[in-house]
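What follows is a short report on a single structure.
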Amino acid sequence: MPHYDIAIVGAGIVGLAHALAAAKRGKRVVVVDRDAQANGASVRNFGFVTVTGQQAGDCWEKARQARDIWAEIVDDAGIDVLQRGLLLAARLDESEAVIDAFLRTEMGEGCERLTLDEARRLVPALRPEAGRFTLYSPHELRVESRTAIPLLARYLEVKYGIDFRRSTAVRAVEPPRVETSTGVIEAETMVVCPGDDFKSLFADRIAAYNVTRCKLQMMRVVPAQRVSLSTAVMSDLGLGRYLGYAELPEATALKARLDREFKPERENGIHLIVTQSEDGSLIVGDSHHYCETPDPFGLERVDRLTLDEMDAVLNLPGRFITERWVGTYASAPDRWRFTDRPSDALRIVIVTAGCGASTAFGIGEETIEDLYGSAA
């Protein structure tokens with residue numbers, strides 16, 4: 001019977017982050033996942049490791065830590081960083097006060113306001129009327145999720161000798177045993193990272209956190225003529241949604257205006273993020289709808305609202321859509337993540353705010369320290 005120091009259930013970004021943190025301490029690690037390859041929220045996103053705009057405190061701090069770990073491993077893992085930084089282009093008068101207030105917080109360190117000319121050097125397609133007020137952050141990096149997650153798993157396998165058990169369902173987790181569809185695995189400690197599967201394992205414990213699921217819609221857009229986006233792009237809607245901005249007192253007036261004048265966007269949880277892939281295509285999104293069991297259908301009117309906001313910010317004549325997809329992730333109304341402790345040897349870890357790619361490496365370090373103590 002195979003024996004390990006730690007077993008990780010779930011091979012999404014949260015599971016992989018815990019595997020890395022444990023492996024760096026010299027632990028013998030196995031990762032078990034029901035799918036043959038990454039197929040969930042970890043590959044259905046922007047690959048945008050976002051620091052600026054994350055909620056003040058724990059979330060922002062974990063994002064900074066995670067970004068640094070991403071930066072440490074991307075070269076060795078063969079993961080290309082396609083963009084660095086963020087340009088938040090705002091056009092509403094009320095947005096200026098939010099940007100200025102943010103820059104006065106500790107989270108604004110290293111960020112700055114740019115002139116329109118400076119902003120358009122980073123994003124030449126930026127419409128002048130959309131860039132009246134621009135916030136630039138140097139802290140972000142962007143990878144291609146669909147390739148980065150498999151490359152990260154391969155890196156963990158090759159560099160650290162982590163074992164992966166794919167296409168394997170986990171039936172029960174009772175340290176020191178994990179019962180799976182392909183046999184029993186023994187491990188001293190265990191971390192369950194189930195994403196938005198709240199029923200297969202520890203359903204009663206997870207239910208206590210009042211979790212639901214969030215459905216999002218995203219698209220791949222191809223400009224008729226290639227454009228260059230040195231940074232990811234966001235807009236006023238991001239100032240009203242990302243809590244690092246939206247919880248500032250100065251955001252009250254902006255949110256009230258958005259509620260009045262952008263009511264459909266706000267009702268559909270839409271804010272704009274545009275990132276660029278190596279082939280020049282753009283990943284564009286997204287929307288947010290909450291339901292215990294979201295339907296799998298994308299609505300054209302929701303995509304249209306997102307595209308209208310993109311067109312208000314970027315001049316992309318002749319652009320067309322080549323892909324559309326729906327994703328889901330775990331969500332909770334009163335927390336951005338939780339770690340449950342059924343026993344001394346077992347942890348359940350779920351990110352409940354759609355920021356797993358941005359924070360998981362920081363969470364992984366925290367969990368492994370909790371299980372094993374501070375690293376020497």
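So what is the accessible area of the chain per residue, in Å², with the probe set to 1.4 Å?
Working: 15570 Å² over 376 residues.
About 41 Å² of surface per residue is accessible.
Return the carbon/sulfur percentage of the accessible area of the stretch 213-341, one whole number, probe 1.4 Å, all protein chains in place.
On the way: 2740 of 5470 Å².
Carbon plus sulfur share of accessible area: 50 percent.
Taking a ≥ b ≥ c as the square roots of the eigenvalues of the Cα gyration tensor of the stretch 148-253, is the shape rounded (a/c under 1.5), prolate (a/b larger than b/c) or oblate?
Working: a/c = 2.70, a/b = 1.58, b/c = 1.71.
Note, shape of the stretch 148-253 comes out oblate.
Only four residue types carry charge here, +1 at the Cβ of Lys and Arg and -1 at the Cβ of Asp and Glu. Report the dipole size of the chain about the Cα centre in Debye, rounded to the nearest 20. It would help to have the intermediate numbers written out before the result.
Details: 45 positive and 56 negative charges, 127 e Å.
Approximately 600 debye in magnitude.
I'd like the GluC sites (Glu not before Pro) in the stretch 249-352 restricted to DSSP loop residues with at most 16 other Cβ atoms within 10 Å, sorted by number.
GLU278, GLU292
With unit charges on the beta carbon (Lys/Arg positive, Asp/Glu negative), name the residue among THR359, CYS214, SER281 whose Cα is farthest towards the positive pole of the charge dipole of the chain.
Among THR359, CYS214, SER281, the one farthest towards the positive end of the dipole of the chain is SER281.
Does the stretch 249-296 come out rounded, prolate or oblate, given a ≥ b ≥ c as the square roots of the eigenvalues of its C-alpha gyration tensor, rounded meaning a/c under 1.5 and, failing that, prolate meaning a/b above b/c? Could you put the intermediate results ahead of the total?
On the way: a/c = 2.86, a/b = 1.33, b/c = 2.15.
Since a/c reaches 1.5 but b/c is at least a/b, the shape of the stretch 249-296 is classed as oblate.
What's the extension gain from ARG257 to SER181 if we count 0.36 nm per residue and subtract their Cα-Cα distance? Present the calculation step by step, with values, prior to reporting the outcome.
Numbers: separation 76, 0.36 × 76 = 27.36 nm, distance 5.33 nm.
In short, 22.0 nm is gained.
Using Cα-Cα distances under 8 Å and only pairs 6 or more residues apart, what relative contact order does the chain have, in percent?
Details: 825 pairs, mean separation 103.1, N = 376.
With pairs under 8 Å counted, the relative contact order is 27 percent.
Once amide H atoms are built 1.01 Å from N in the peptide plane, which residues 5 or more positions from ALA38, or in another chain, come under 5 Å H to H?
none
For the chain, what is one quarter of the convex hull surface built on the Cα atoms, given in nm²? All intermediate terms of the calculation are to be shown ahead of the outcome.
Working: hull surface 71.6 nm².
For the chain, the mean projected area of the Cα convex hull comes to 17.9 nm².
Count neighbours as other Cβ atoms within 10 Å of each site's Cβ, and list the trypsin sites (Lys or Arg not before Pro) in the stretch 18-121 that are DSSP loop with at most 15 such neighbours. Numbers along the way, then the final one.
Details: sites: LYS24, ARG25, LYS27, ARG28, ARG34, ARG44, LYS62, ARG64, ARG67, ARG84, ARG91, ARG104, ARG113, ARG120, ARG121; in loops: ARG25, LYS27, ARG28, ARG34, ARG44, ARG91, ARG104.
Of the trypsin sites (Lys or Arg not before Pro), the ones in loops of the stretch 18-121 whose Cβ has at most 15 other Cβ atoms within 10 Å are ARG104.
Among all helices in the chain defined by DSSP H, which have a length of 27 Å or more along the axis from Cα atoms plus a Kyte-Doolittle mean of at least -1.0?
On the way: long enough: 58-77 (28 Å, -0.82).
Flagged H segments are 58-77.
Residue farthest toward the positive end of the dipole of the stretch 1-83, with Cβ of Lys/Arg at +1 and Asp/Glu at -1: which of ALA19, TYR4, ASN45?
Positive-most Cα among the choices belongs to TYR4.
Place a +1 charge on the Cβ of each Lys and Arg in the stretch 109-209 and a -1 charge on the Cβ of each Asp and Glu, then give the dipole magnitude about the Cα centre in debye, rounded to the nearest 20. Let's see the in-between values first.
Numbers: 15 positive and 16 negative charges, 78 e Å.
The dipole of the stretch 109-209 has a size of about 380 debye.
Which value, in nm² and rounded to one decimal, describes the direction-averaged projected area of the C-alpha convex hull of the stretch 247-376? Could you put the intermediate results ahead of the total?
Values: hull surface 50.2 nm².
So the Cα hull casts an average projection of 12.5 nm².
Subtract the Cα-Cα distance of ASP93 and ARG335 from 0.36 nm times their separation in residues, and report this length gain in nm to one decimal.
Values: separation 242, 0.36 × 242 = 87.12 nm, distance 3.07 nm.
Gain on extension, ASP93 to ARG335, equals 84.0 nm.
Using a/c under 1.5 as the rounded threshold, could you call the stretch 91-190 rounded, prolate or oblate? The axes a ≥ b ≥ c are square roots of the C-alpha gyration tensor eigenvalues, and prolate needs a/b larger than b/c, oblate otherwise. If you can, show how the numbers build up before the last one.
Numbers: a/c = 3.67, a/b = 2.78, b/c = 1.32.
Here the stretch 91-190 falls in the prolate category.
Any idea how far the Cα center of the stretch 315-334 sits from the one of the stretch 218-278, in Å?
Centre-to-centre distance over Cα atoms comes out at 12 Å.
With the full set of protein chains in place, find how many percent of the accessible area of the stretch 89-201 is carbon and sulfur; take the probe as 1.4 Å.
Whole-percent figure for carbon plus sulfur exposure: 46.
For the stretch 207-246, state the semi-axes of the equivalent ellipsoid (square roots of 5 times the eigenvalues of the alpha-carbon gyration tensor), sorted largest first and rounded to whole angstrom. Display every interim value, and only then the final one.
Details: eigenvalues 191, 58, 13 Å².
Working from the Cα gyration tensor, I get semi-axes of 31, 17, 8 Å.
So if I place +1 on the C-beta of Lys and Arg and -1 on the C-beta of Asp and Glu, and nothing else carries charge, what would the dipole magnitude of the stretch 34-121 be about its Cα centre? I want it in debye, nearest 20. Before the final figure, lay out the partial values.
Working: 11 positive and 17 negative charges, 65 e Å.
So the magnitude is around 320 debye.
Quick one: if the Förster radius is 30 Å, what FRET efficiency do GLU129 and ARG324 give, using the C-beta to C-beta distance and rounding to 0.05? Walk me through the intermediate numbers first.
On the way: r = 28 Å, r/R0 = 0.93.
Given R0 = 30 Å and the Cβ-Cβ separation, E is 0.60.
Which lysines have a Cα less than 22 Å from the Cα of LYS62, not counting those fewer than 8 places away in the same chain?
Correct list for LYS62: LYS24.
The values are calculated or read from the model by the stated rules, or taken from the named source; none is laboratory data. Predicted, not measured: the structure shown is a model, and the values here were computed from it. Methodologically, a virtual Cβ is constructed for each residue, glycine included, from the backbone with ideal geometry; neighbour enumeration extends over all protein chains shown. Surface accessibility is based on the protein's heavy atoms, side chains included, excluding ligands, DNA and RNA. Shrake-Rupley method; radii C 1.70, N 1.55, O 1.52, S 1.80 Å.
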